[in-house]
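Trainee: For reference, the structure I am asking about is given below.
The values are calculated or read from the model by the stated rules, or taken from the named source; none is laboratory data. Just so it is clear, the model here is predicted, and its values are computed rather than measured. For neighbour counting, all protein chains shown are included, and Cβ atoms are generated from backbone atoms with ideal geometry for every residue, glycine included. To get the accessible areas, we keep the full protein, side chains included, count just its heavy atoms, and leave off ligands, DNA and RNA. Shrake-Rupley method; radii C 1.70, N 1.55, O 1.52, S 1.80 Å.
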Amino acid sequence: MKVLTLNFLTCAVKACKSTSAAFPLHPKDCELVSDTLEANPKLLFNILPRIDWNALIITASELGFPTLPPTPPTPEQLENDPKMMQELHTLLLETQISEGSLVCANCSHEYRVKEGIANFLLPNHLV
Amino acid sequence: MLPTPSTSHVEFDRIYEPAEDSYLLLDTLSSESEKAFLQQRFSRGTSDVVAHDPPSPFVVEIGTGSGVVLSFVDAHAETIFGRADILSAGVDVNRYACAAAGRTVSVAEQEQVAKGESHGFHLGIVAGDLVGALRPAMVDVLIFNPPYVPTPDLPALPTLSEEVAAPSFEEDSYLLSLSYAGGADGMETTDRLLDALPEVLSRERGCAYILLCAQNKPENVKQRIRNWGKEWKAETVGSSGKKGGWEKLQIIRIWRVESLSQEEEPK
């Protein structure tokens, strides 16, 4: 699963969904793989406006990526900053989580990721 | 006609095999009328200036099975949505289906690349129950081919267990039953999905395509959605044709229109 997927996921436990701590889920002991993709600035520009940037800052830092600026760059800023363009391309488009866990900061449940598939099925006591 | 993605790698003894319902979804989503609806809803506008594009649509299939529908939409995004920069993702309760669907999308994307054509941007498939793991108000297009067959009982959902059951005929039959057995009126799972729609669909652009069979009482389903409020619409947009006066299978589109301004009277 692409790292970007984390921006769309939340803890599946009902009681957590209304809490702000359930998003973003926190990667733990994650193995990353990288696809090599051609630059696609248009895709980046059209993804950026729908990203929760604060959550992405957390995800990027927890996965050990370069620190993101406090606000999302505009397309103009990106075009004038090849380094940031490359960093966002790598983080958002190329990087996948293949193994590890995603942890909810509210209930501490760990969702396992195996072979790139995160498992959001809940154990009996949390259903 | 757009080519149907290959699913030759999928083990159909434990994963739902593409059938008439799956193909009705492909035909409906690539029909002229739905392309027009989706392109208008997610259009790039008239300007070529990239900065003016509306954000990439987030397209999610719930219950991917083999992934034939999701991979079709992803591979043919440019034809269907008028733009290739869609974000696609899938959810299935069957972990084998998740792996198969991921592979189906990747094969379909590679075929597009080999032809020099575009495809969408695939985020991944997650194992889970319906929309439980999705953040609210994010999904722009939701596609659902539910377990719609009326059955005396609804199979229990799998829960997380540390031991993975060894492959067996019983396990395979159970996994397949999750793909078709719908309980009372074939609607028990669809009802849960419908109840979650107002929360999971994006406020301005959200829409859903849901397959129903005649026993699901589609007219009642559509009326129920219209009763959510005057901004909610539900129409039949695809049908397998009539059999004894009944439309055996149909696809309903559910969407929200921007609320009318106060001086404008509803028609």
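Trainee: Can you list the lysines whose alpha carbon is less than 17 Å from that of A:Lys114, not counting same-chain residues fewer than 8 positions off?
Mentor: Partners found: A:Lys2, A:Lys28.
Trainee: Determine the distance separating the Cα centre of segment B:202-221 from the Cα centre of segment B:106-153; give it in Å without decimals.
Mentor: Measuring centre to centre over Cα atoms gives 16 Å.
Trainee: Please report the buried accessible area for the interface of B with A, total over both chains, probe 1.4 Å, in Å² to the nearest 100. Kindly include the intermediate steps, with their values, before the conclusion.
Mentor: Values: alone 13390 and 7420 Å², together 17930 Å².
Buried: approximately 2900 Å² between A and B.
Trainee: Calculate for chain B the 222 nm mean residue ellipticity that helices alone would give, adding -39,500 (n - 2.57) per DSSP H run of length 4 or more and normalising by residue count, nearest 500 deg cm²/dmol. Don't skip to the end; give the middle numbers.
Mentor: Numbers: 8 runs with 87 residues, N = 267.
Result for chain B, helices only: -10000 deg cm²/dmol.
Trainee: Going 7 Å from the Cα of B:Val113 in the Cα-to-Cβ direction, what parts of segment A:86-111 have a backbone nitrogen less than 15 Å from that spot?
Mentor: Inside the label zone: A:93-96.
Trainee: Keeping all protein chains in place, calculate the accessible area per residue for segment A:3-126 (probe 1.4 angstrom), answer in Å².
Mentor: 47
Trainee: Report, please, the projected area of the protein assembly as shown averaged over directions, based on the convex hull of its C-alpha atoms, in nm². Show your work: numbers first, answer last.
Mentor: Values: hull surface 84.1 nm².
Result: a mean projected hull area of 21.0 nm².
Trainee: Using only alpha carbon pairs under 8 Å that are at least six residues apart, calculate the relative contact order of chain A and give it in whole percent. Display every interim value, and only then the final one.
Mentor: Values: 176 pairs, mean separation 48.9, N = 127.
Once normalised by length, the contact order is 38 percent.
Trainee: Rounded to the nearest 0.05, what FRET efficiency is calculated for A:Leu32 and A:Ser108 with R0 set to 25 Å and r the Cβ-Cβ distance? Can you show the working numbers first?
Mentor: Working: r = 23 Å, r/R0 = 0.91.
That pair, A:Leu32 with A:Ser108, gives E of 0.65.
Trainee: Moving on to the next point. Could you compute the FRET efficiency for B:Glu11 and B:Ser177, with r as their C-beta to C-beta distance and R0 at 22 Å, rounded to 0.05? Show your work: numbers first, answer last.
Mentor: Working: r = 16 Å, r/R0 = 0.73.
Plugging the Cβ-Cβ distance into 1/(1 + (r/R0)^6) gives 0.85.
Trainee: Give the angle, between 0 and 90 degrees and rounded to the nearest 10, that separates the Cα long axis of helix A:53-62 from the longest principal axis of the Cα atoms of chain A.
Mentor: Helix A:53-62 and the main axis of chain A meet at about 80 degrees.
Trainee: Cα gyration tensor of chain B, axes a ≥ b ≥ c as square roots of the eigenvalues: rounded (a/c below 1.5), prolate (a/b > b/c) or oblate?
Mentor: On the way: a/c = 1.64, a/b = 1.18, b/c = 1.39.
Oblate shape, in that a/c is at least 1.5 and b/c is the bigger or equal ratio.
Trainee: Could you give the nm distance between label points at A:Ala21 and B:Gln39, where each point is 7 Å from its Cα heading toward the beta carbon?
Mentor: So the two model labels end up 4.9 nm from each other.
Trainee: So which residues of segment A:104-127 lose at least 20 Å² of accessible area, probe 1.4 Å, when you go from the chain by itself to every protein chain present?
Mentor: A:Ile117, A:Ala118, A:Asn119, A:Phe120, A:Leu121, A:Leu122, A:Pro123, A:Asn124
Trainee: So for the protein assembly as shown: antiparallel DSSP bridges make up what percent, rounded to the nearest 5? Walk me through the numbers on the way to the answer.
Mentor: On the way: 31 of 53 bridges.
Antiparallel bridges make up about 60 percent of those DSSP assigns within the protein assembly as shown.
Trainee: May I pose another question? Can you tell me the relative contact order of segment B:55-256? Whole percent, Cα pairs under 8 Å, sequence separation 6 or more. Write out the running numbers ahead of the final one.
Mentor: Details: 412 pairs, mean separation 38.4, N = 202.
Once normalised by length, the contact order is 19 percent.
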